[in-house]
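I have placed the structure first, in the form of structure tokens, so that the comments after it can refer back to it.
Nothing in this text is a laboratory measurement; each read-out follows from the coordinates by a stated rule. What you see is a predicted model; the values in this text were computed from it and never measured. We place every Cβ from the backbone using ideal geometry, glycine too, and count neighbours over all the protein chains shown.
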Amino acid sequence: MAGPIGSTANAAYIWGVNRGAGVTNAGFVAIGIDGVRFDRTISLLPAGTGTVGGAGALPAGSVSISGNTISANIPLSFLPANGFTNPLDYTWNLWPRNNTFSGVPGISDFAPNNANFSTSPIPEPATWALMASGLALLGAVARRRSR
């Protein structure tokens, strides 16, 4: 962001996620905005909490804020495929909001036709632990064979 997270009263950071439904979101058409392909939203608040529309609240500790950066670890179960078979194909767009205002006036920046950003998976801690134990086992087997 261009400024520290939490410095704007009633701020919210909303990500629209396109999981591949391939249809314009009817909720946006109803307010006169066409071309929106988001089929799930992620809402992060400066308080360090977040929700995923249709899935619920993020687990405690999922949202991280450091200066001008806000990030979150979203479990893949909160964003199941909806047309795209690979989550790496999902695209997203961010639009910051000021919840003091309702509807479109509360959206400070909204460019639904620019949702061309991609996701990057982050291995879960259990995945790292499994990989480390597998490497340790391979090392033990190699050491035993060399004797």
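Tell me, in nm to one decimal, what length is gained between Thr69 and Ala57 on full extension, where the rule is 0.36 nm per residue of separation less the Cα-Cα distance? The partial results should precede the final answer.
Working: separation 12, 0.36 × 12 = 4.32 nm, distance 2.03 nm.
The Thr69-Ala57 span can extend by a further 2.3 nm.
Here the label points at Ser146 and Ala9, each 7 Å from Cα along the C-beta direction, are separated by 6.6 nm in the simple model. Cβ-to-Cβ counts within 10 Å put Leu94, Leu58 in ascending order as Leu94, Leu58, the fewest first. The modelled label-to-label distance between Ala126 and Thr85, using points 7 Å beyond Cα along the C-beta direction, is 2.5 nm. Sorted on the mean count of surrounding Cβ atoms within 10 Å across their residues, most packed first, peptides 40-48, 5-13 read 40-48, 5-13. Using the Karplus relation 6.51 cos²θ - 1.76 cosθ + 1.60 with θ = phi - 60°, the per-residue 3J(HN,Hα) values for region 73-80 come to 9, 10, x, 4, 5, 7, 10, x Hz, with x marking Gly and Pro.
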